[in-house]
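Comments concern the structure below.
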Amino acid sequence: MEISEIVVEEQIGPAVKVLNEDDAKRSTVIHFLQMIQEEEGYLSRNSLSDLSKKLGLSLSEIYGIASFYKQFYFKPRGKKIVKVCMGTACYVRGSENVLNVLEEGFGIKNGETTEDLLITLETVGCVGCCGLAPVATVNDSVVGEIVSKKPDKLFKFIKEE
């Protein structure tokens, strides 16, 4: 233990953990990952490799941190993020069918993005609009009562949004 660590322990108490240089680097990783994703739209291998070198942490440590959080993406995402609610009310009212229609219409599966990077299709546990079930969101807009709307109207809304 270094003298500075002993001084800090005496001033604050023995329960304090003093960050070493590696701990300090690890604590900044999430902030840098957020900055990279905001700029690029996802976390590319090249950007993660650069971050690894700059922080002096292994690439596997960086991936380990990034993959723990659902907010980080490792592949480019579409301009329009379509999320189909699979919560109980939506599921009972046909959200699985809505998902199937969207998958067929866009030629992608849940979790995939169209080749033109226009649409990313995802499912979520609950949107919180159970009274409008089944529900989907297109970026920040909520589309409710989808079953009563014809699929072509839903596709038109998604493309226009």
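So how do GLU104, GLU61 rank on accessible area, 1.4 Å probe, biggest first, that is with the largest at the start?
Final ranking, largest accessible area leading: GLU104, GLU61.
Hey, quick one: spin label on THR88, modelled 7 Å out along Cα-Cβ, who in segment 101-127 has an amide N within reach, i.e. under 18 Å?
Correct set: 124-127.
Label-point separation (nm) for ASN97 and ARG45, each offset 7 Å from Cα along Cα-to-Cβ?
Reported label-point gap for ASN97 and ARG45 is 4.3 nm.
Using the basic label-point model (7 angstrom from Cα toward the beta carbon), what is the SER60 to LYS79 distance in nanometres?
Going by the 7 Å Cα→Cβ label model, 4.1 nm.
Give the residue list of chymotrypsin sites (Phe, Trp or Tyr not before Pro) in segment 55-154 that are DSSP loop and have at most 11 other beta-carbon atoms within 10 angstrom.
TYR69
The values are calculated or read from the model by the stated rules, or taken from the named source; none is laboratory data. Bear in mind the structure is a predicted one, so any value in this text is a computation, not a measurement. In this analysis, Cβ positions are derived from the backbone assuming ideal geometry, glycine residues included, and neighbour counts consider all displayed protein chains. Only protein heavy atoms, including side chains, enter the accessible area calculation; ligands, DNA and RNA are left aside. Shrake-Rupley method; radii C 1.70, N 1.55, O 1.52, S 1.80 Å.
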